[in-house]
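Structure, as structure tokens:
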């Protein structure tokens, strides 16, 4: 029985010493060779109609109420603090004879985002305020060659 008590005492002592050594090692200050992490420059965001923010989205819903106009296949060529540009496709429902029975048509577009301002929901985040679509070929009925839309805040 005396051997069991001694063995238990040695095991407990060794465990305590190991714990103390590990705590000391992890609590030690960083060495001079440690470099601080780089801070990333915040990029402006594109806010959608359900208040989600994105950077360089592949798709973007324009007609939130009925889903009858959206941008797809966006390839961003630029995304800077002042503007962003992409090429993609605007998929639009012709709503003929009415939207539920209409057909979707695809139109190649160039997308430009401008006018960064702080986002009301998150004042520390810059958001784009204006989207301009330029149709390269055909365009939906009633649309101009260049269409501009204010973006959500």
*Calculated diffusion of segment 46-150, Stokes-Einstein form, Kirkwood radius summed over Cα pairs, 25 °C and 0.890 mPa s, µm²/s*: 170
_With an 8 Å Cα cut-off and a minimum separation of 6 or more residues, compute the relative contact order for segment 46-150 in percent._
17
*Residue separation times 0.36 nm, minus the C-alpha to C-alpha distance between residue 85 and residue 143: what's the value?*
18.9 nm
_Within segment 70-92, list the residues whose amide N lies under 20 Å from a label point set 7 Å along Cα→Cβ of residue 130._
77-87
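Values in this text are rule-based calculations from the coordinates and carry no lab data. Because the structure is a prediction, the values reported are computed rather than measured. A quick note on method: Cβ atoms are made from the backbone with ideal geometry, for glycine too, and the neighbour counts reach across all protein chains shown.
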